[in-house]
Amino acid sequence: MCRSKNNKNILVLFGGCSTEHEVSLQSAAAVLEHMDPNQFRALPVGITKEGRWLRYLGPHAALPGGGWEKTGPCIPCTLTLDRGHARLLWLDGSGQAEDFDAAFPVLHGKNGEDGTIQGVFELAGVPVIGCGTLASALCMDKDRAHKLAALAGVAVPQSAVFSRGAAMGDIRAAARQLAYPLFVKPVRAGSSFGVSRVECEEDLAAAVQAAFCHDSEILLEEAVPGFEVGCAVLGNEELTVGAVDEIELAQGFFDYTEKYTLKTSAIHCPARIPAQKAAEIQAAARTVYKALGCRVFARVDLFLTPDGRILLNEVNTIPGFTAHSRYPSMMKAAGLKLPALITRMIELGVAAQ
């Protein structure tokens, strides 16, 4: 298929086989809407919940809500992965193929943010707009990410890890040692799926069961006093750090519903903290970003305690780009609006190859 001489073809993947499928649709719609058509030609490919790959030729506005599959047009497709000559092959009998210069996974959660899709493109020698295979896998794994961050000098919450089949008595003993309240989390999951705040031992078993629905390993983690702050990081060798933001909670914790509706919470950007403390948070975010091998972009989430301590919460290698999303808001507050941000991400992804 022909292309403009100067434009790069960017394969944009959305949807996916994860519990965050719907969020991915919203993020991808924003990315596609703000991608500079004078520099890039987007090739949107939707992955259904069942795992079918479809070359999407319809309007971007149909992505949020899932209407894209019905409105179409959608062409079944697959990848050819010959190193140095990867292409998107249409499976409609036409034999048509589209070359692409880089892949931009806008896929949240498992099978999109955990290194699996990144590995496919790295195998084929295709530049990935975002973190690579190893960093994606490490950041998705809360336990291992915390261990590496601690070795780099960034504090982390106290925790205990258990695999499926662990004795409930051992889990209860670890919970008592950590003390209530505490959090029970899947080791590898996103958007707070399977995460529970547990106030007493009577609620522990149900929380453990819910977490194991999302992963084969779970994490018991102390409830850190204070509030959550975040830091958007952009770059490969030279890093640009966005304004620090702050999550204000009226009740509970920042679960999936709160992240995408803000019913009882608010996000303040920039955070309502002293400039010196914000600088410390930005420095910690840079340290974590480098320690985990991140590149192009990621959002580092941390805790700020009442006594001024900074502890790592988690790293999101494909943060949201929805109307409520924190990453673009933090970069906008630092002077980089979404169209320019997406252009810079693509440039960094191609350069990182």
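The values are calculated or read from the model by the stated rules, or taken from the named source; none is laboratory data. Being a predicted model, the structure only gives us computed values, none of them experimental. Ideal geometry is used to build each Cβ from the backbone, glycine not excepted, and the neighbour counts take in all protein chains shown. Heavy atoms of the whole protein, side chains included, go into the accessibility calculation; ligands, DNA and RNA do not. Shrake-Rupley method; radii C 1.70, N 1.55, O 1.52, S 1.80 Å.
Side notes on the structure shown:
- Cα lying deepest toward the dipole's positive end in segment 1-86, options Gly84, Thr71, Ser24, charges on Cβ: Gly84
- Taking label points 7 Å from Cα along the Cα-to-Cβ direction, Leu239 and Asp307 give a separation of 2.6 nm.
- Considering helices alone, the calculated mean residue ellipticity of the chain at 222 nm is -9000 deg cm²/dmol, with DSSP H runs of length four and up weighted by -39500 (n - 2.57) and normalised per residue.
- Relative contact order of segment 260-353: 24 percent, from C-alpha pairs under 8 Å at least 6 residues apart in sequence.
- Rounded FRET efficiency, nearest 0.05, which uses the C-beta distance separating Ala223 from Thr287 and R0 of 22 Å: 0.40
- For the listed residue pairs Lys49/Lys337; Lys8/Lys290; Lys185/Lys337; Lys8/Lys110; Lys277/Lys332, the alpha carbons are over 26 angstrom apart in Lys49/Lys337; Lys8/Lys290; Lys185/Lys337; Lys8/Lys110.
- Highest mobility in the GNM of the chain, judged by mean-square fluctuation with C-alpha springs under 10 Å and restricted to Ala340, Ala279, Ala166, is found for Ala166.
- Of all DSSP-defined beta bridges confined to segment 1-90, some 55% are antiparallel rather than parallel.
- To put it simply, the accessible area of segment 158-208 at a 1.4 Å probe is 48 percent carbon and sulfur.
- Residue-normalised accessible area of the chain, given per residue in Å² at a 1.4 Å probe: 42 Å²
- Efficiency of FRET from Cβ geometry, Gln209 and Arg83, R₀ 45 Å, rounded to 0.05: 0.55
- DSSP bridge pairs, the chain: antiparallel proportion in percent, nearest 5: 80 percent
- Under the span-like rule (Cα at least 18 Å along the axis, Kyte-Doolittle mean at least -0.5), DSSP H helices of the chain: 21-34, 275-291, 338-351
- Centroid-to-centroid separation of segment 187-214 and segment 87-166 [C-alpha atoms, Å]: 23 Å
- For a label point 7 Å along the Cα-to-beta-carbon line of Ala167, residues of segment 185-208 with backbone N under 20 Å: 201-202, 204-206, 208
- Between Arg41 and Lys147, the contour length at 0.36 nm per residue exceeds the Cα-Cα span by 34.1 nm.
- Gaussian network model of the chain, springs between alpha carbon atoms under 10 Å - residue of Ser27, Ser159, Ser136 with greatest fluctuation: Ser159
- Take the Cα of Ala179, step 7 Å toward its Cβ, do the same at Cys17, and the gap between the two points is 4.4 nm.
- Taking the Cα centre of the chain as origin and assigning +1 to Lys and Arg Cβ atoms and -1 to Asp and Glu Cβ atoms, the resulting dipole is close to 720 debye.
- Ranked by solvent-accessible area (1.4 Å probe, protein heavy atoms only, all chains present), the residues Tyr180, Tyr56 order from largest to smallest as Tyr180, Tyr56.
- Within segment 169-253: Cβ-based charge dipole about Cα centre, in debye rounded to nearest 20 (Lys, Arg +1; Asp, Glu -1): 280 debye
- Relative contact order computed over segment 1-140 (Cα-Cα under 8 Å; 6+ residues apart), in percent: 25 percent
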